[in-house]
Amino acid sequence: EASGVTTKRERERGRAMLAFVPCAGATAARGCARKSGAWSSGATRLRCAAKSHGDVTHSVVHGSKRVAAGCAAIAVTAADSLRRIASEVLTRRDPGSMVLAAVAALYALVLMLAISAIAKRFRRAQFVERASKRRELAESINPKIAQFYDVRSDLWEKAWGSDDMHHGFYGLGKDLNPRKDRFVAQHDMMKQLLEYGTAEAALNREASLTIVDVGCGIGGSVRFLAREFPNSSVKGITLSTRQVERGNALNADAGLDSSRVKLLRGDAMSMPFEDNSVDLLWSLESAEHYPDKLQFLREVSRVLKPNGRFMMAAWCHRACPPKLDTNDLYILSKIYKKYCISHMCALEEFENHALRVKLRGVRTQDWSQAVRPFWRAVLVSAATATGVQELLRIGRPAIESALAVRHMIEGFRRGTLVFGVLAAFKPTPQQLQLEDDRLAELTCRTSAQ
Ligand SMILES: C[S@@+](CC[C@H](N)C(=O)[O-])C[C@H]1O[C@@H](n2cnc3c(N)ncnc32)[C@H](O)[C@@H]1O
């Protein structure tokens, strides 16, 4: 089932192909042969191709690993047959032969498309299987994430031309504006997340609050929060030492006092903050990396003060059921690998975790539509002469990231990926007590009835 080709439906499809392909191939080839004896060698080869296609279909259905080689061999045979037939037709130039040659060409085209579709599906299924084995073996992803960002942060800062390492926000519904400037859109993302997280009850911007940005990158969002809350202390945590150095240097360049605004090394799984010490906890496009999403929510609930606010945006996969199919799993596995992500979950799962750790006022929203234009904008901005130059100068990591963009685009287009946001607050002990009392009263009433 994992390979996606051994289901009953696949077997039936495979059988139908086994019946159809040699039949069509043989008819075309026979037609050619009848019309002109000189075609027999091409026709025989075409028949052979049809037969081996049948064999390969059979192999695919049974998950044979030689399928890729088989497909390549058939493609070569088919191309060679076509070349021979074409040269015969060109020599003879009789109309009947031309029609039959066109039929043969069409058949070969269909054959090649079918082969490439089967091969693609097979390749994806194999990749997913290998990726799931790799994930089981991965003991701890944190050192890899730290290294991933240590190596790439400087490059991205140069290539992206900004300290924001997150999607842009292009609007929702009738406000969607795919032509919005990328930098404006990235800034709008932070504004929108803050607005969403404080929509239920505004926060006093002039108050002296304790704010934490979990997974802060090189501190783009730390500095945004520091500007929005000029009297508050803002701390950002990241796994990457290089990001801490660079972020603190950018804070100094921006004239921010290091006793008020600071980046430190820290893990979202065990945050370096006291219980009940944070007024606002923010996490923008980092939670997809975390190996244990529930543990993250536990930490959020631990460090927040009663009435403290929590807002996050994270890459999620679509809600299940229906179960993720081979294509979904393939796209996700590619993204996990290219962006060093432990795994994604559905937004609903984050919501359940938030309720489980006793956060309240939990609200979620899908912003996939608002971020969809982002990756195309990144490609367009990278397609300039300087962008290409920079890509070549940086080399493999930059090229790999650029190539991985196609999986993000496909993921959002298919609906595999969801850009999820969540906001909640930590209730006071009195609020929780009141809830417990109400529940006890309700249970009593129900059992009395
Ligand atoms: C895509 S960047 C987002 C940066 C930033 N929030 C922004 O919007 O510019 C992801 C960040 O998450 C951090 N991260 C990943 N796993 C983490 C963990 N377990 N604890 C703390 N930070 C983590 C990475 O170090 C990186 O800084």
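The values are calculated or read from the model by the stated rules, or taken from the named source; none is laboratory data. If you're wondering where the values come from, they're calculated on a predicted model, not measured in any experiment. Every residue, glycine among them, receives a Cβ derived from its backbone with ideal geometry; neighbour counts consider all protein chains shown. For accessibility, only protein heavy atoms count, side chains too; no ligands or nucleic acids. Shrake-Rupley method; radii C 1.70, N 1.55, O 1.52, S 1.80 Å.
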(request) State yes or no: is M190 within 16 Å of the ligand (Cβ to nearest atom) and open to solvent by less than 20 Å² (accessible area, probe 1.4 Å)? (result) yes
(request) Please work out which one of (1) farther than 23 Å from I335 by Cβ; (2) within 16 Å of the ligand (Cβ to nearest atom); (3) surrounded by 15 or more Cβ atoms within 10 Å (Cβ to Cβ) is the condition G171 fails and give its number. (result) (2)
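From the list A201, A159, which residue is buried (at least 19 other Cβ atoms within 10 Å of the Cβ) and of a type in the set (A, V, I, L, M, F, W, C)?
Of A201, A159, the one residue that is buried (at least 19 other Cβ atoms within 10 Å of the Cβ) and of a type in the set (A, V, I, L, M, F, W, C) is A159.
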(message) So, in the range 407-427, how many residues would count as being loosely packed, with under 14 Cβ neighbours inside 10 Å and touching a Leu at 6+ places or on another chain (Cβ under 9 Å)?
(response) 0
(message) Being modelled with pLDDT of 95 or more and either among the small types (G, A, S) or out of contact with any helix residue (DSSP H, G or I) (no Cβ under 9 Å at 6 or more places or on another chain) (or both) is the filter here; which residues of the range 335-351 pass it?
(response) A346, L347, E348, E351
(request) Residue by residue through the range 384-414, note down the ones that are in contact with a Phe, Trp or Tyr (Cβ under 9 Å, 6 or more places away or on another chain) and without any contact (Cβ under 8 Å) to a residue 60 or more places away in the chain. (result) V405, R406, I409, F412
(message) Return the residues of the range 144-156 that are open to solvent by 50 Å² or more (accessible area, probe 1.4 Å) and within 11 Å of the ligand (Cβ to nearest atom); say none if nothing qualifies.
(response) K144, Q147, D150
(message) Please go through the range 259-276 and give me each residue that is open to solvent by 50 Å² or more (accessible area, probe 1.4 Å) and within 20 Å of G215 (Cβ to Cβ), ordered by number.
(response) K262, R265, S270, P272, E274
(request) Evaluate the following for I331: is it part of a loop (DSSP other than H, G, I, E, B) and open to solvent by less than 20 Å² (accessible area, probe 1.4 Å)? (result) no
(request) Evaluate the range 79-94: report whether one residue or more is of a type in the set (S, T, Y) and open to solvent by 40 Å² or more (accessible area, probe 1.4 Å). (result) yes
(message) Looking at G247, G215 in this structure, which one is open to solvent by 10 Å² or more (accessible area, probe 1.4 Å) and in the same structural domain as Y290 (by TED's automatic domain parsing)?
(response) G215
